[in-house]
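Quick notes on the structure that follows.
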Amino acid sequence: MTNSPVVPEVDLWGSGRQVGHLRVPQSRDDSGWGTIQVPIVVVANGTGPTVLLTAGNHGDEYEGQVTLLDLARTLRPEEVQGRVILLPAMHYPACAAGKRLSPLDGRDFNRCFPGDPFGGFALSLAHFVDSVLLPICDYQMDLHSGGTGMDIVPSAVGHILDHAGMQARTLAMADAFGAPVTLLLKEVNAGPTLLAAAENRGIVALSSELGGGGRLSPAALTITKRGVRNVLRHAGVLEGLPEVGEYGPSRRMTVPDLAHYVFAPADGIWEAAHPLGHTVQADGPAGLLHRIEDPVAPPIALSYKATGLLWCVRHVGRVKAGDPVAVIARDM
Ligand code: CA
């Protein structure tokens, strides 16, 4: 039994297509018994694995949200063997505001796991996802994009795991998703993310980065829609084999350390030297940081410290000291 105060309006063990909300308590001055309604859709039929698909962990990342809305409308119970749980706008207040962080309390929802049942909206929702939804899942994918600040080559993202069997199952799921890039990260402290929470429960799990720049990219949306159906085929929930994109099999890459990042050393306006997806060289020019405070001083020239694919670029022109402006990935 969970001690969660979150009440689902759907029967997680029911069949067919169910549409409702997770009702999360959120007391206000003008509504002491107020709740926030987080949309949930469950499509289930027969016996088979359970796949939890989530989007809107960060509210300004749109490809996953639109893909899961599309799946919620079009996935027919009779084509499903098993159960698909969809949270198309998981961190609903941030999604409704089109923001990365919560308009309630400024929290980053992907830093709230495994949560706290009585810690307020974000922590109690994270606790429900971790303690109620994850334990009934076989596969989990949390759909992210680059958000307002970054633009990223469409990628499935997984962790480098110590357990060889889990690593193989994670890579097989990423191959099935079929993004142009599969990026594996070794995080010293994977920390309070949903991906880490799923891994801690022994679930085959992926995250993603599917575009960014605070917009919905039609090209990245096509990749995301194909990818989630591919994951359902890979899990055996849908019939058929995963479809390969026109760019071919996913390219396995990694960002091994912070030397593959370029950070702004001061506040300024960032002028990148190369577009996203360019192949760049160590010691080559990464761009110029322009300083409005000193009109006649030359801009600060930054260079790459690694050779590889320009996997992530700063999208917003204005940067603060310490912001990453570029991330390089290299082939595994
Ligand atoms: Ca994100």
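Brief remarks on what is shown
- One residue stands out among those in the range 217-227 that are touching a strand residue (DSSP E or B) at 6+ places or on another chain (Cβ under 6 Å) and either among the small types (Gly, Ala, Ser) or outside any helix (DSSP H, G or I) (or both): the one that is most open to solvent (accessible area, probe 1.4 Å), which is Ser217.
- For the criterion of being over 21 Å from Leu101 (Cα atoms), open to solvent by 10 Å² or more (accessible area, probe 1.4 Å), modelled with pLDDT of 95 or more and not aliphatic (A, V, I, L, M), Gly14 passes.
- Those residues of the range 28-50 which are loosely packed, with under 12 Cβ neighbours inside 10 Å and more than 19 Å from Ile136 (Cα to Cα), in sequence order: Arg28, Asp29, Asp30, Ser31, Gly32, Trp33
- Breaking point among (1) open to solvent by 40 Å² or more (accessible area, probe 1.4 Å); (2) closer than 26 Å to Val319 by Cα, for Thr193: (1)
- Hey, Val244 open to solvent by less than 60 Å² (accessible area, probe 1.4 Å) and at pLDDT 95 or above or not: no
- Only listed residue being away from the ligand (no atom under 16 Å from the Cβ) and in contact (Cβ under 8 Å) with a residue 60 or more places away in the chain, chosen from Pro77, Pro39: Pro77
- Considering the range 102-126, the residues that are out of contact with any His (no Cβ under 7 Å at 6 or more places or on another chain) and closer than 18 Å to Glu209 by Cβ include one that is least open to solvent (accessible area, probe 1.4 Å), namely Asp108.
The values are calculated or read from the model by the stated rules, or taken from the named source; none is laboratory data. Nothing here was measured: the structure is a model prediction, and the numbers come from that model. Virtual Cβ from ideal backbone geometry, glycine too; neighbours counted across all protein chains shown. Areas reflect the complete protein model, heavy atoms only, side chains present, ligands, DNA and RNA absent. Shrake-Rupley method; radii C 1.70, N 1.55, O 1.52, S 1.80 Å.
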